[in-house]
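See below for the structure under consideration.
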Amino acid sequence: MRRILAFLMAMSLITGCSLLPEQIDETKDWSASKLYFTAKEALGEGNFDLAIKTFEKLESRYPYGAYAQQSQLEVAYAYYKDGEPASAIAACERFIKLHPNHPSVDYAYYLRGLSNFIVDQSFFARFGDQDLSDRDPKAAREAFDAFQQLTSRFPNSKYAPDAVDRMKYLVNSMAANEVHVARYYYKRGAYVAAANRGKYVLEHYQQTPALEEAVAVMAQSYDKLGLLDLRDDALKVLKHNFPNSTFISGNALTPESTWWKFW
């Protein structure tokens, strides 16, 4: 009896499902142009989810032609505006790979940089008191790389000036991150690691505001390690480049009890 009841219940479920109305896709007979301009309208209205879906339908149904190419770029922008930087980056990279000579490929590089820039901003916004010793600001470097490719390949692009400004910001941010990590190591007595971080800034980010503190950390770390020649060399660099540095007291390093307040 139980088996019969179970069978009847299963059949009623199947019958019920079959009575549900089928979901109709009203766009199934739309032309490429109608799909494109509908997606553009949704994008302009801030309906990014609808824009993305419509652009993707267009490319799926009409994979060749100008509308398909433009949709690949537009969908990257839609992802960017929708706060999906990873998807935007992937879409930009796909467009660059498929259409390296497209008239708007400079925009793809720029948008890829902007999307990485969002990730970078989020990373540096979380500085606080977190342990950044094992964090890698990969997004900052990739944003810089995208902007650098844009400015080197398309120096006359209308996006190049903004890319240059963002590159300057990124360099300063990456240098600041190195110093932040150097400070973290120093406070925990990892003086070799702290000195190496400071040295990296000296070698790679010489024109950044973070250089002063980077060299100071080097000198202070070498002092703690008893490497007095290296300490004095770092101090000479500090005095030469920053004669009024708060990390210098006379001809020596400012006492730790004094400079610690700067951290």
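The values are calculated or read from the model by the stated rules, or taken from the named source; none is laboratory data. The model shown is predicted, which means the values in this text are computed figures rather than measured ones. With ideal geometry, Cβ positions are generated from the backbone for all residues, glycine too; neighbour counts draw on all protein chains shown.
Just checking: which of the helices (runs of 4 or more DSSP H) contained wholly in the stretch 154-263 hold 3 or more residues that are crowded, with 21+ Cβ neighbours inside 10 Å? Steps first, answer last, please.
Details: elements: 160-187, 191-204, 211-225, 228-241, 256-259.
In the stretch 154-263, the matching helices (runs of 4 or more DSSP H) lie at 160-187, 191-204, 211-225, 228-241.
Just need a number here: residues in the stretch 177-193 that are under 11 Å from P137 (Cβ atoms) and in contact (Cβ under 8 Å) with a residue 40 or more places away in the chain.
Count: 3.
Kindly evaluate Y80 against the criterion of being modelled with pLDDT of 95 or more, surrounded by 16 or more Cβ atoms within 10 Å (Cβ to Cβ), on the phi < 0 side of the Ramachandran plot and within 25 Å of the chain's Cα centre (by Cα).
yes
Give the number of residues within the stretch 105-127 that are modelled with pLDDT of 85 or more and more than 12 Å from the chain's Cα centre (by Cα).
To start, the set of residues in the stretch 105-127 that are modelled with pLDDT of 85 or more comprises 105-117.
Filter once more, so that each one left must be more than 12 Å from the chain's Cα centre (by Cα): 105-110.
Of the residues in the stretch 105-127, 6 are modelled with pLDDT of 85 or more and more than 12 Å from the chain's Cα centre (by Cα).
Of the residues T208, T254, only one is without any contact (Cβ under 8 Å) to a residue 12 or more places away in the chain and β-branched (V, I, T); which? Please lay out each step first, then the result.
Details: T208 fails: without any contact (Cβ under 8 Å) to a residue 12 or more places away in the chain.
Just a single option satisfies the conditions, and that option is T254.
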